[in-house]
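Chemist: I have a structure I would like to understand better, so I am pasting it below and will then ask my questions one at a time.
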Amino acid sequence: EKIAMTAEAKTIEASSHPAKMIRLLAKTVEIAEAGVETIDAEGTKLVDGEVVVAKGSQEIFEMIDDMGLFGISMPREVGGMNCPMIVYFTLGELIARADCGTMTHFSFYGGVGMALLAYGVREGTLEL
């Protein structure tokens, strides 16, 4: 069954669990803030043609992934949280206040995901 939700319906759905979203956002910022000094000290390196991120960065990215935040604005039908884009943008801003590099990584994948979703729907390879 095809599910079509208006922006208003999506906002209402996301706002039905605001405490959960606030806790996830706060946890993400705490994680990013905790790793900033070690991330800066260790840095990102190119080793044998492969990019190796700082251990702290890798841990933050794994935690963001475990919390499902890379798919925060993606529809539930494709494994996302179905939150409005404003929640995604707010999370990016909060992460940037802790560490801009972490925000760039987080924001990059959300944008790519939304572009692939739009392309799949337009081309008919994905039906929501």
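Chemist: Mind telling me which of the residues Ala41, Ala118, Ala96 ends up being modelled with pLDDT under 85 and assigned to a helix (DSSP H, G or I)?
Modeler: Ala118
Chemist: Could you give me the residue pairs with C-beta distances under 6 Å whose first residue belongs to segment 72-95 and is on the phi > 0 side of the Ramachandran plot, whose second residue is part of a helix (DSSP H, G or I) and surrounded by fewer than 18 Cβ atoms within 10 Å (Cβ to Cβ) wherever it lies, and which are 6+ apart or on separate chains?
Modeler: Listed pairs, sorted by first residue: Asn82/Arg76.
Chemist: Let me ask another. Take the residues in segment 38-70 that are open to solvent by 50 Å² or more (accessible area, probe 1.4 Å), touching a residue at least 12 places away in the same chain (Cβ under 8 Å) and among the polar types (S, T, N, Q), then tell me which one is nearest to Glu127 (Cα to Cα).
Modeler: If we take residues in segment 38-70 being open to solvent by 50 Å² or more (accessible area, probe 1.4 Å), touching a residue at least 12 places away in the same chain (Cβ under 8 Å) and among the polar types (S, T, N, Q), then Thr44 is nearest to Glu127 (Cα to Cα).
Chemist: Please work out if Ser107 is over 10 Å from the mean Cα position of the chain (by Cα) and of a type in the set (S, T, N, Q).
Modeler: No: the conditions fail for Ser107.
Chemist: Next question. Pull up segment 71-128, narrow it to residues that are farther than 26 Å from Ile39 by Cα and hydroxyl-bearing (Ser, Thr, Tyr), then point me to the one that is least open to solvent (accessible area, probe 1.4 Å).
Modeler: Ser73
The values are calculated or read from the model by the stated rules, or taken from the named source; none is laboratory data. Model, not experiment: these values are computed from the prediction. Note that each Cβ is placed from the backbone with ideal geometry, even for glycine, and that neighbours are counted across all protein chains shown. Ligands, DNA and RNA are excluded from the accessible area calculation, which covers all protein heavy atoms including side chains. Shrake-Rupley method; radii C 1.70, N 1.55, O 1.52, S 1.80 Å.
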